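For reference, the structure is listed below as structure tokens.
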Amino acid sequence: MLEIKNLHANVVSKPILKGLNLNIAPGEVHAIMGPNGTGKSTLASTLAGRNGYEVTKGDIVFEGEDLLDMEPDERARAGVFLAFQYPVEIPGVTTINFMKSAINARRKAEGEAAIKASEFMAEMKKNLELVEINQEFMKRSVNVGFSGGEKKRNEIFQMAMLNPKLCILDETDSGLDIDALRVVSEGVNAMRSKERSFLIITHYQRLLDYIQPDFVHVMYNGKIVKSGDKSLAKKLEDKGYDWIKEANA
Amino acid sequence: MTRDEAIIKKHTEDGYKYGFTTDIDQERAEIGLNESTIRFISDKKNEPEWLLDWRLKAYDIWKKMENPDWAHLNIPVIDYQSISYYASSKKKKYKSIDEVDPEILKTYEKLGIPLEEQKMLAGVAVDYVMDSDSVFTTFKEKLSEAGVIFCSISEAVKEYPDLVKKYLGSVVPQRDNYFAALNSAVFSDGSFIYIPKGVRCPMELSTYFRINAENTGQFERTLIIADDKSYVSYLEGCTAPKRDENQLHAAVVELVALEEAEIKYSTVQNWYPGDKDGKGGIYNFVTKRGICEGNRSKISWTQVETGSAITWKYPGCILKGNNSIGEFYSVAVTNNKQQADTGTKMLHLGSNTRSRIVSKGISAGNSSNTYRGQVLIGPNAENAYNFSQCDSMLMTDRCGAHTYPYLDIKNNSAQVEHEATTSKIGEDMMFYCNQRGLSDEEAVNLIVNGFCKEVFNELPMEFAVEAKKLLEVSLEGSVG
């Protein structure tokens with residue numbers, strides 16, 4: 001599904017990613033952990049194609065296509081979804097309108113007709129239940145006046161609505177209370193399938209109590225320095241990141 | 001939607017909005033402006049003596065005035081002696097639509113304007129406008145049943161001289177400003193509306209339904225009077241970019257709301273803005289003002305301004321009646337080399353008067369977009385309240401947005417609130433939309449429509465849909 005080879009990327013001409021390699025097969029859940037400032041979120045933004053994240057070397061192949069050749073919206077329509085660490089507010093645009101526009105943009109690109117109102121409403125209802133959000137909130141402007149937890153639930157809701165192939169969660173767990181964490185995790189677990197893959201970026205191990213990853217990677221200084229199964233996450237929780245830092249000093 | 005489908009849709013679903021044109025054979029006034037030009041105009045229109053005198057007085061005033069230079073606008077020198085002040089209805093017409101600038105036709109198509117209407121707007125000779133007679137007749141009948149007067153101002157001068165004489169110039173006097181004086185001297189035509197006491201006008205009144213609306217563009221004069229406890233909603237303008245051979249437009253609109261009356265005035269202005277380099281384009285100098293004469297009356301202005309090379313326009317309210325309300329909702333979009341200096345004046349004279357100003361400016365290209373608003377609280381305006389919100393959005397690094405709020409408060413019991421924001425269209429907002437699969441174009445439309453929502457909500461439904469579409473077309477390819 002996703003092959004990242006020797007990825008180097010700069011942010012404001014400063015090298016952040018320095019030769020990162022990662023392969024994700026369909027249906028797999030990968031967690032990326034690591035200390036602050038090692039490039040975890042840069043990886044997420046680079047995959048999504050954010051402006052200002054400049055790839056200087058390496059390749060990213062997604063579903064057999066060169067991802068770096070694609071604009072951010074093309075990547076999204078091809079099935080890459082990024083759940084934002086800081087979801088953006090869009091005043092005056094209702095969540096319902098935002099979602100409809102996003103779904104119809106995909107359909108338009110595929111040459112399909114716009115989604116039927118009844119079909120949309122059914123999907124919406126189902127996915128709102130998944131993240132335990134009241135239907136009323138669809139009429140509010142996207143993320144405006146939402147609490148931190150509501151914003152993150154909204155990200156998972158959107159993810160469910162858009163049916164992506166690759167879901168990237170950028171520190172979705174940060175700032176969540178235990179209830180929101182449970183809801184978000186249950187949403188993700190409900191979406192796991194043989195075809196869909198996840199890349200979960202987190203600073204803390206606690207999210208992985210709820211979402212069982214197939215692989216855990218430790219990122220340090222712009223690279224993946226250690227990979228393992230979920231026991232690696234436990235080890236990080238017990239021992240912290242210092243032993244990683246020392247080993248890679 | 002193909003063009004044919006669009007035509008069918010317009011005719012089957014949209015009700016009707018073609019113009020009603022007849023070619024009246026009239027000669028032009030000689031180029032230039034002097035007393036005899038004004039006599040010529042007045043004579044052509046068979047006007048009574050008092051109106052001729054009124055025009056001549058305005059001309060005298062105008063001669064002594066100077067072009068205003070206080071706006072944040074770069075106005076080229078206008079040679080008033082090289083303009084024809086009585087454009088006859090015999091405009092230069094194209095023989096067929098193939099002669100029209102393809103760029104303009106493309107825009108018409110994007111806006112979904114039917115072919116027949118496209119021809120009319122572009123100035124192609126149209127022999128017959130379908131369906132017009134029957135629609136127009138039903139429309140007229142309905143209004144006259146309600147006792148509503150809706151006619152051209154020339155007709156009103158003949159049929160309702162007392163009303164015209166009483167109110168013409170009562171809100172915007174001849175000496176109000178340079179362009180109002182010019183308009184008073186040479187106004188061509190415009191709408192006249194009178195809503196009798198206690199009548200709620202049974203439909204939204206629109207210029208689309210007025211005979212010869214086409215010819216009244218240059219120096220239009222509109223007068224609307226809402227008698228006690230009446231209500232009217234008036235729609236002016238057209239979303240289609242209308243070409244006009246006259247570069248200078250100086251319209252005057254006067255609204256009078258008597259006791260407990262309400263007037264809602266909505267405008268979509270999309271005159272030709274000139275090309276990408278700023279060549280051509282209409283100069284639009286408009287004076288619009290309403291007076292809440294009676295207690296508990298209300299006047300609400302809503303405007304969507306996307307056209308014209310230069311826009312100079314401050315629709316305002318004189319809140320004279322106690323407990324009267326004035327509102328101003330505006331979206332002004334400038335692109336390429338367009339310049340707009342627009343806003344409102346809220347003059348609180350009566351007690352417990354309230355006003356609300358919501359202005360949304362969007363600047364793209366190399367354009368300049370200015371909000372200028374005055375809130376005056378007079379010494380007798382006890383407990384007056386004003387809320388102003390002025391937001392500007394910049395689409396590029398090359399455009400400008402300016403906000404000039406003037407507050408003049410002469411009564412201590414007043415409560416005045418002002419909020420203003422200026423922001424570049426957010427990279428983070430764009431990326432968020434892109435990441436959900438929306439193209440740049442789709443993202444801009446969504447964000448801009450959200451930004452303007454409060455104003456669009458004030459527009460009558462059908463107008464709001466058109467206005468949204470208009471914004472999309474106006475801002476095409478503008479992010480940078």
- Note on the structure: Rh_Kirkwood(the stretch B:131-474) over Cα pairs, Å, one decimal, evaluates to 20.5 Å
- Message: Ranking request for peptides A:50-59, B:429-438: highest mean number of other beta-carbon atoms within 10 Å first, then the rest in descending order.
- Response: B:429-438, A:50-59
- Message: Please compute the average number of Cβ atoms from other chains found within 10 Å of each residue's Cβ in peptide B:452-459.
- Response: 1
- Task: Any chance you could list the semi-axes, whole Å, largest first, of the equivalent ellipsoid that the Cα gyration tensor gives for the protein assembly as shown, using √(5λ)?
- Result: 58, 27, 24
- Note on the structure: Cβ density ranking, 10 Å radius, fewest first, applied to B:64, B:298 yields B:64, B:298
- Message: Between helix A:117-130 and chain A, what is the angle of the helix's C-alpha long axis to the longest principal axis, kept within 0 to 90° and rounded to the nearest 10?
- Response: 50 degrees
- Note on the structure: Given pairs B:57/B:345; B:140/B:345; B:140/B:264 and cut-off 29 Å on Cα-Cα distance, the over-length ones are B:140/B:345
- the stretch A:66-130, Kirkwood Rh and Cα Rg, ratio Rg/Rh at 0.99
- Item | Cross-link pairs A:40/A:100; B:279/B:468; B:142/B:453 - those with Cα-Cα distance over 28 Å | A:40/A:100; B:142/B:453
- Straight-distance crosslink candidates among aspartates and glutamates, where the alpha carbon sits under 17 Å from residue B:106 and sequence neighbours closer than 8 are dropped: B:4, B:5, B:98, B:116, B:117, B:275, B:466, B:472, B:476
- Compute from the Cα atoms of the stretch A:2-247 the Rg and the Dmax, the latter being the longest Cα-Cα distance, and quote both in angstrom. 17.9, 57
- Task: Can you spot the aspartates and glutamates whose alpha carbon is less than 15 Å from residue B:64's alpha carbon? Ignore those fewer than 8 places along the same chain.
- Result: B:35, B:176
- Item | Helical mean residue ellipticity (222 nm; -39500 (n - 2.57) per DSSP H run of 4+; nearest 500) of the protein assembly as shown | -9000 deg cm²/dmol
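Every number here is computed from the coordinates shown, using simple stated rules; none is lab data. Predicted, not measured: the structure shown is a model, and the values here were computed from it. Reconstructed Cβ throughout: ideal geometry from the backbone, glycine too, with neighbour counts over all protein chains shown.
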